[in-house]
Amino acid sequence: MNLSRAKQLRVEQDIVSKEQLLHQLRKDFSLTTFEEHFSDLSAIWQAFLLHILQPATFPIFDQHVYRAYRYLTTGRPCELPFGKANRMRLYHESYLPFFNQIVAATTDNSQTTDQALWAFGKFIRQYPTFIRYD
């Protein structure tokens, strides 16, 4: 995706400048260490960085996968709630167990499940009239 100049500077300052720490976390991940150094990032950036560091443990979490998750769990798509704390709590307490349950119940790996949920959530957004609601 294209980032504005301000966002590019922020990514360089808050993520790229911590390259050595990122390499360490890829080898020996600690959620406590991650949170100590990256808690200032938005929830979506935190989830993205978690996914980059440990893709088998932390799935992608964005508007599309959330929309798919909500549709599959409630019968209605929903947009992400506001607030970093709400989003991170939802990611760790609700979405991760849901995601892991799907991966465990299928022969697909987490990357395939990530891609499927993302595509389904995007489809729901682009073609809302094709979706049946309870």
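Placing a pseudo-label 7 Å from each Cα along the Cα-to-Cβ vector at HIS92 and ASP40 gives an inter-label distance of 2.0 nm. Suppose we take every Cα in region 11-61 and form the convex hull; what volume per residue is that in Å³? Value for region 11-61: 67 Å³ per residue.
Calculated on the Cα set of region 74-116, radius of gyration then Dmax: 12.0, 35 Å.
From its DSSP helices (H runs of at least four residues, each -39,500 (n - 2.57)), the chain gives a residue-normalised ellipticity at 222 nm of -18500 deg cm²/dmol.
Let me check against my output: what whole-number percent is the relative contact order of the chain, with C-alpha pairs under 8 Å and at least 6 apart? Averaging sequence separation for qualifying contacts and normalising by length gives 24 percent for the chain. Bin by bin, in steps of 10 Å, what percent of the Cα pairs in the chain do you find, going until the bin that has the longest distance? Result returned by the calculation: 11, 38, 35, 13, 2.
Where a number appears in this text, it was derived from the coordinates with a stated rule and is not lab data. Every value quoted in this text rests on a predicted model; they were computed, and no experiment measured them. FYI the Cβ positions are ideal-geometry reconstructions off the backbone, even for glycines, and counts take in every protein chain you see.
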